[in-house]
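Everything on this sheet refers to the single structure shown next.
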Amino acid sequence: MIVANKMYQGKSTEAIHAGETLQTSPTYRQKDQAGKTGTPLLPPIYQNSTFQFHNTEECASAFIDEASGYVYTRWGNPTQAILEQKLAVLEGGEAALAAASGMGAISTALLTALAEGGHVVAMETLYSATYNLLNDDLPRFGIETTFVDATDPNKVESAIRPDTKVIYLESPTNPLLKLVDLDACVEIAKTHNITSIIDNTFATPCSQQPVTLGIDVVLHSMTKYLSGNGAVIAGAIIGKKAFIEHAKKGALRNFGAAISPFNAWLTLLGIPTLPLRFARHCENAMRIATFLEAHPAVAWVRYPGLPSHPQHELAKRQMNGFGGMITIELKDGRVAGEKFVNQLEICSLAVSLGDVRTLVCHPASTTHSHVPTEVRQKTGITDGLVRFSIGLEDVEDIIADIEQALNKLPK
């Protein structure tokens, strides 16, 4: 495990250089057959499952103290170590751990923080797989969850029980873009000695660094903005050194959610452009949200950067950039939602987010089609709901594509 050493002030400098000082260590120096030595400028891929040792003493030492050498890629890998150092610096945490997927990171973090008989207080609207983990899977291990509207800190505190071990948050939430007052939730967690965990995928460390606000554990699906290219499945956990070490040697290693060296390397290629990409995502999204709010086919728009967002003032206080996600409600419900996404040409119908491409999702006919209508609508996922992940195309082209699709809806 690599512990963060923050050397830089600017986010772009961090994204490019953090962690890559590891390449100057003897581990990364390579000699060719002529004996020449060089250090690779781009982090190399250590695409191997295991590592050899010169003798039994050296091997035994690595098993006792992993800092003395790598043993097996499920336990750690040099490419992964560079990525983890970069992640820790970007989020302002002591240490980081990469995982095979966002859900690998989420499940590892929860299994590290919880034990049989534990209780979780969680946001009522979460990424669907996270909800399923908390609602369906963890109860089989004697772990219960109370889901609340965490936009109201009083409801979070009211749900706490003597056996509550975790407060689990998203901000902004998926897909309704609700915000959580992180300062208030941190105060509640610390008062009751509870571990606070947040999925920071939508915001990215460019918009908010929850660790600096007192959140204990930060999670990412690196599949999204951090890699940014739609080619990676990966996750991350950032927090205190002791928590990360416990997660690495326990749940991640034993449940096998180790990231592949190749996916770690692909993510390392994506992160250096994150600040530039995220700024463009935010710029494009603000323009598009403003356009959508004025279109007669749209009932309402949710974007934290708009003054009409119910928590706009909170967004200004705790976010540095409002992100690339927009959610709208079309006036004519499910038929309008399906017809709208079917008419798009540049924007792609896809369920992920954070890509360089603009992605659009109609939850009622896709991701939440198996959920009973009354259950979906109770949580705000209505038939006319459409979620945008705004990409990096020229904003005029994205608007033109959205406009032509909207104009084909019934008047």
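The values are calculated or read from the model by the stated rules, or taken from the named source; none is laboratory data. These figures come from a predicted structure and were not determined experimentally. Here Cβ is always computed from backbone atoms with ideal geometry, including for glycine, and neighbour counts include all displayed protein chains. Only protein heavy atoms, including side chains, enter the accessible area calculation; ligands, DNA and RNA are left aside. Shrake-Rupley method; radii C 1.70, N 1.55, O 1.52, S 1.80 Å.
What the table below lists for this structure:
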{"quantity": "Whole-Å distance, taken between Cα centres, linking segment 376-398 and segment 240-292", "calculated": "22"}
{"quantity": "Neighbour-limited loop hits for GluC sites (Glu not before Pro), segment 112-162 (at most 13 other Cβ within 10 Å; DSSP other than H, G, I, E, B)", "calculated": "Glu116"}
{"quantity": "Fully extended contour minus Cα-Cα distance, from Glu144 to Arg357, at 0.36 nm per residue", "calculated": "72.9 nm"}
{"quantity": "Projected label distance in nm at Ala129 and Asn254, using a 7 Å step from Cα toward the beta-carbon", "calculated": "2.2"}
{"quantity": "Segment 92-132 - Debye-derived log10 I(q)/I(0), Cα point model, q = 0.16, 0.19, 0.35 Å⁻¹", "calculated": "-0.52, -0.72, -1.18"}
{"quantity": "Linear extension gain, Ala400 paired with Gln9, 0.36 nm per residue minus alpha-carbon span", "calculated": "136.9 nm"}
{"quantity": "Pairwise FRET efficiency - Asn193 versus Ala231, Cβ, R0 = 45 Å, nearest 0.05", "calculated": "0.65"}
{"quantity": "Net lengthening on full extension, Leu349/Tyr72 (0.36 nm per residue, minus Cα-Cα)", "calculated": "95.8 nm"}
{"quantity": "Surface share of carbon and sulfur [accessible, 1.4 angstrom probe, percent] for segment 161-285", "calculated": "55"}
{"quantity": "Expected 222 nm ellipticity per residue - DSSP helices of 4 or more, -39500 (n - 2.57), all of the chain, to 500", "calculated": "-10000 deg cm²/dmol"}
{"quantity": "By average C-beta atoms within 10 angstrom, highest first, the peptides 54-63, 335-344", "calculated": "335-344, 54-63"}
{"quantity": "Helix axis angle, 274-293 relative to the chain longest principal axis, alpha carbon, degrees", "calculated": "10"}
{"quantity": "With eigenvalues of the C-alpha gyration tensor scaled by 5 and rooted, the chain, Å", "calculated": "38, 26, 18"}
